[in-house]
Structures are given as C-alpha cells and as structure tokens.
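To start, I am sharing the structure in question, which I have written as structure tokens.
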Amino acid sequence: MTQQLDVNDDAVTRLGLMDTAPEERFDRITRLAREMFDVDYAVVNVVNSETVFTKSQPAESDFRHTPIEDSFCGEAVKQPAVLEVPDGRADPRFADRAIVAEHGIRFYAGFPIHTDAGETVGTLCLLDTSPRDLSDADRDAFERFGLWAQAEMRMDDPGASGAGPVPAASVAPAVRDDRLAAGEVRLAALAIPYGQVSGDRSSWQQVGDRIIVTLADVMGKGEEAGGFAEELIGALQQRAHLDPVEAMLSVEDYARHDKRYRETFATLFHAVIETRSGRVAYVDAGHGLTLLLRADGTSERLSSRNLPLGLRPSDAEWEAGETVVGHGDLIVSVSDGALDAYDSTLDSLRLIGEDLRRATEPDAFFDELSIRVSEHVVDDDVTAVVISVR
C-alpha cells in the first residue's frame, strides 16, 4: 500500500516550481545556510507525493529528483516543525534508504514548508556526511531560515492573498532619481514597481562629507510592504550619525515593537560612504546583491552572512563590511526582481555589472534594464541604485 504523505499535490502544481531552473532568491538562502551551519549541503526542495525535486543546492552537487521513499523528506513533510536526524545510519527509519545507504548522508534537518492555507509543498534541508546535533541556538536559526524559504515559496502561490499577476493597466511607471550627492560621487536610482506600490525602497542623504545609502526589499508586494519598506528606510536614514551596524541594531530594536516585523522581514543594504577617503562601511542583511566594479576591470560582491532584518536570532551579531572606492569605481545594488530580467541566478548580477560598464551613464543602463524588464516575466518589484566615483 502506498504511504499517505502530508503533502498537497494540487498545491505543488499551483505553485509551478516543480522542474524549474535555479533562482538566486532561493540560492542565497541555501548558500548562507550552508556557511552558517557548516554542512556539506543545504537545499530547498519542492515535494509532492512521489518525488523530491531539489530547487536550490550547492553548485557542485547534482540533486534533481529523489523518489520520496528514498529520502528524509518523506518524514519531514509529516512534521509540524523541524525534523532532526542526528545519524541516519543509526536510525531504523532511514538506515536502509538510498540517501543514507548509497549516498552516505548521516545528518539531516528538515523544515517543512507550507502555503498560507497550511498545505505542505516543500522543505528546507541541511545534510552532512558526518553525524551531528543542532544546538538550541542552531535550531532557532534554522527555523528562521525555513521561514525565509517558506516566504519565498509563498510568493509563487496564486492562491495566496494578494498574489497572482498584476494587470498591465495597474502597473505603476518606472521612477528615476538622480543627483550629484557630494563632490565627485554621483548617485542614481531606478524603481519599477510590480503593482501600484513597490515593496522595494532606496534612499540616500548627504551629511557633511558622508553619504548614507540604503536599499530595502520587504517580503511581499503592495501597499503594506511598501509602507513598511518606507518606514525602515526612513528609520535608517534618521540614524545617519551612527555607523551601519549601530544603525541596524537601533532600527532592529525599533522594529521589534511593530507587529508587522513579526509577520514579515526585509533584506537590506545600508552603507556610509566617506567622500574624502573613499571608505565604504556597510551592513548587508540577507541582501547579497551589491557589486563593486573597479576601474581596473575587476569586481567584488559586497555581501555577508547576516540574515534579513526580522529573521536574525537575538544572540547573533551583525557582521560589518568595509571597502574603499576610488576614481572610476562603480557600485550597483539591485533588488532580486532585477535578476528576473536576466536568468534569475546570481550570475545575473555579473551580467548587470557588464551592462553597467558598457553604459556611459546610469541613464543608459537604466534604459537597458527597463527594456529587459518589459521583455521578461518579472513578477516582482525592481529597484537599482548606482553610485559612481568621478
């Protein structure tokens, strides 16, 4: 008799994620989880009653479809919370399954992913070839990663409240903002909302010889997400006298008193640029989509291992970043909707950098990006900020 699983095939079909290509919005979750928990694999799976499809995985791995009976996930989807298996070889439920007996996986932790309606549709998993245990702090952090993956998956659910395609007539026009901020530093921004109001926001200000730049992407679309993004941006900009980590800690404390903070989260890039020295101090909260293009043709991604604002465990420290910019350098930061105008993977950020280098001015780059957005299926807000040093 076929085992009855607590997954909903209709809901999985409705999401439309089975057998789809990798996407950076999931890959950044598994990339950060793998680093934080120091495991061989961190993966996001779409699960139906027959198969486990791996949507996101490390670049060197090659999971695709795993029969449900050969996996850990067949048990994980039955659980109301995280399923932890310290040693699959010592656990009679899994010792004979192919994932253990043939592939040598010993440790497993799986977070069941549900739709807004409670339908089980996937898992976020940690796997390792050595036995191990999660500490209470690890388990708390992993559950926060699971909520992040769940929120991303829910974005694809046309049955969720406020989800689904936006009629073309209701899509707000692109908005550009451009001004010489200080001396030789120029800032320019583009915002293309998915609906009437964007859940992305960017802002900057000049305070003496310092420029404070912030880009926020609140999970969700529409007025509520847009309002929360605007408040977060404003709160960070009001703390212009603080360094980025101090500002983030202060805003985090402020946000914890807001009910919406407990129901959503935001990826953020917040930086302070000293125009005289070229020093850039920044904090990246789960964003990871900021690229520094050097005048000599090299580039580096400005990222960190921080979780999004709203998902960070209380005992975790914010990781700060620092770099220096000089004449001819460019910094571009985008929301993940911009990646959908390319191939949706992290490689899209490299392609964005190449397009920006080819453009003589940010406006030309924004023209190209706007055309790409119009020609591709982009069902999220698109925001781009360009900082150039003359």
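Given the conditions (1) touching a strand residue (DSSP E or B) at 6+ places or on another chain (Cβ under 7 Å); (2) part of a helix (DSSP H, G or I); (3) of a type in the set (Lys, Arg), which single one is not true for ARG144?
(1)
Collect the residues in segment 284-322 that are farther than 20 Å from GLY146 by Cα, among the acidic types (Asp, Glu) and out of contact with any strand residue (DSSP E or B) (no Cβ under 7 Å at 6 or more places or on another chain), keeping them in residue-number order. Even if it seems obvious, please write down each step before you answer.
So in segment 284-322, the residues farther than 20 Å from GLY146 by Cα come out as 289-303, 319-322.
Checking which are among the acidic types (Asp, Glu) leaves us with 296, 300, 319, 322.
Within segment 284-322, ASP296, GLU319 meet the criteria.
If you don't mind, there's one more thing I want to ask. Answer yes if at least one residue in segment 101-115 is among the charged types (D, E, K, R) and at pLDDT 95 or above, and no otherwise.
Looking through segment 101-115, at least one residue is among the charged types (D, E, K, R) and at pLDDT 95 or above.
Pull up segment 34-59, narrow it to residues that are among the small types (Gly, Ala, Ser) and part of a strand (DSSP E or B), then point me to the one that is surrounded by the most Cβ atoms within 10 Å (Cβ to Cβ). Talk me through it step by step, then tell me what you get.
Here is the first cut: in segment 34-59, the residues among the small types (Gly, Ala, Ser) are 42, 49, 56, 59.
Going one step further and asking which of them are part of a strand (DSSP E or B), we end up with 42, 56.
Values: ALA42: 28, SER56: 24.
By that ranking, first place goes to ALA42.
Of the residues in segment 67-84, how many are open to solvent by 20 Å² or more (accessible area, probe 1.4 Å), within 25 Å of the chain's Cα centre (by Cα) and either at pLDDT 95 or above or acidic (Asp, Glu) (or both)?
Count: 2.
Identify, by number, the condition in (1) in a loop (DSSP other than H, G, I, E, B); (2) surrounded by 15 or more Cβ atoms within 10 Å (Cβ to Cβ) that ASP62 doesn't meet.
(2)
Let me ask you something else. Need pairs with beta-carbon distance below 6 Å; first residue over 23 Å from GLU319 (Cβ atoms) and within segment 32-51, second in a strand (DSSP E or B) and open to solvent by 50 Å² or more (accessible area, probe 1.4 Å); sequence gap 6+ or separate chains.
Listed by first residue and then by second, the contacts come to THR51/HIS65.
Also, I was wondering about something else. Residues of segment 200-224 being out of contact with any helix residue (DSSP H, G or I) (no Cβ under 9 Å at 6 or more places or on another chain) and more than 20 Å from LEU187 (Cα to Cα), which ones?
Within segment 200-224, LYS221, GLY222, GLU223 qualify.
Next up: If I ask for residues that are out of contact with any Pro (no Cβ under 7 Å at 6 or more places or on another chain) and either without any contact (Cβ under 8 Å) to a residue 60 or more places away in the chain or assigned to a strand (DSSP E or B) (or both), which ones from segment 65-79 would you list? Can you show your working first?
Here is the first cut: in segment 65-79, the ones out of contact with any Pro (no Cβ under 7 Å at 6 or more places or on another chain) are 65-75, 78.
HIS65, THR66, PRO67, ASP70, SER71, PHE72, CYS73, GLU75, listed by residue number.
Do you know which of the residues in segment 85-99 that are part of a helix (DSSP H, G or I) and either of a type in the set (Phe, Trp, Tyr) or modelled with pLDDT of 95 or more (or both) is most open to solvent (accessible area, probe 1.4 Å)?
Across segment 85-99, the extreme among qualifying residues is ARG89.
Quick one: GLU246 ticks every box in (1) open to solvent by 40 Å² or more (accessible area, probe 1.4 Å); (2) under 16 Å from GLU317 (Cα atoms); (3) touching a residue at least 40 places away in the same chain (Cβ under 8 Å) bar one, so which box is it?
(3)
Do we find a residue being open to solvent by less than 60 Å² (accessible area, probe 1.4 Å), modelled with pLDDT of 95 or more and of a type in the set (D, E, K, R) anywhere in segment 308-319?
The answer is no, given that none of the residues of segment 308-319 is open to solvent by less than 60 Å² (accessible area, probe 1.4 Å), modelled with pLDDT of 95 or more and of a type in the set (D, E, K, R).
Answer yes or no as to whether LEU339 is on the phi < 0 side of the Ramachandran plot, surrounded by fewer than 22 Cβ atoms within 10 Å (Cβ to Cβ) and not small (Gly, Ala, Ser).
No: the conditions fail for LEU339.
Kindly indicate the residue of segment 21-46 that is in contact with a strand residue (DSSP E or B) (Cβ under 6 Å, 6 or more places away or on another chain) and charged (D, E, K, R) and also farthest from ILE105 (Cα to Cα) among those meeting that condition.
The qualifying residue farthest from ILE105 (Cα to Cα) is ASP27.
A follow-up question, please. Could you please let me know if LEU268 is under 20 Å from THR290 (Cα atoms) and at pLDDT 85 or above?
Taking the combined requirement at face value, the residue satisfies it.
Would you check if there is a residue in segment 10-30 being of a type in the set (S, T, N, Q) and in a strand (DSSP E or B)? Explain how you work it out, then say what you get.
Taking segment 10-30 as the starting set, the residues that turn out to be of a type in the set (S, T, N, Q) are 13, 20, 30.
Add one more test, that the residue is in a strand (DSSP E or B), and what stays is none.
Checking segment 10-30: not a single residue is of a type in the set (S, T, N, Q) and in a strand (DSSP E or B).
Return a yes/no flag: does segment 132-152 have any residue that is of a type in the set (Asp, Glu), in contact with a helix residue (DSSP H, G or I) (Cβ under 7 Å, 6 or more places away or on another chain) and crowded, with 19+ Cβ neighbours inside 10 Å.
Within segment 132-152 (the criterion being of a type in the set (Asp, Glu), in contact with a helix residue (DSSP H, G or I) (Cβ under 7 Å, 6 or more places away or on another chain) and crowded, with 19+ Cβ neighbours inside 10 Å), the answer is yes, since at least one residue qualifies.
For segment 101-119, which residues satisfy the criterion of being more than 19 Å from the chain's Cα centre (by Cα) and open to solvent by 10 Å² or more (accessible area, probe 1.4 Å)?
Passing the criteria: ALA101, GLU102, HIS103, GLY104, ARG106, ASP116, ALA117, GLY118, GLU119.
The values are calculated or read from the model by the stated rules, or taken from the named source; none is laboratory data. These figures come from a predicted structure and were not determined experimentally. For neighbour counting, all protein chains shown are included, and Cβ atoms are generated from backbone atoms with ideal geometry for every residue, glycine included. Ligands, DNA and RNA are stripped out before the accessible areas are found, and what is left, the full protein with its side chains, is counted by its heavy atoms. Shrake-Rupley method; radii C 1.70, N 1.55, O 1.52, S 1.80 Å.
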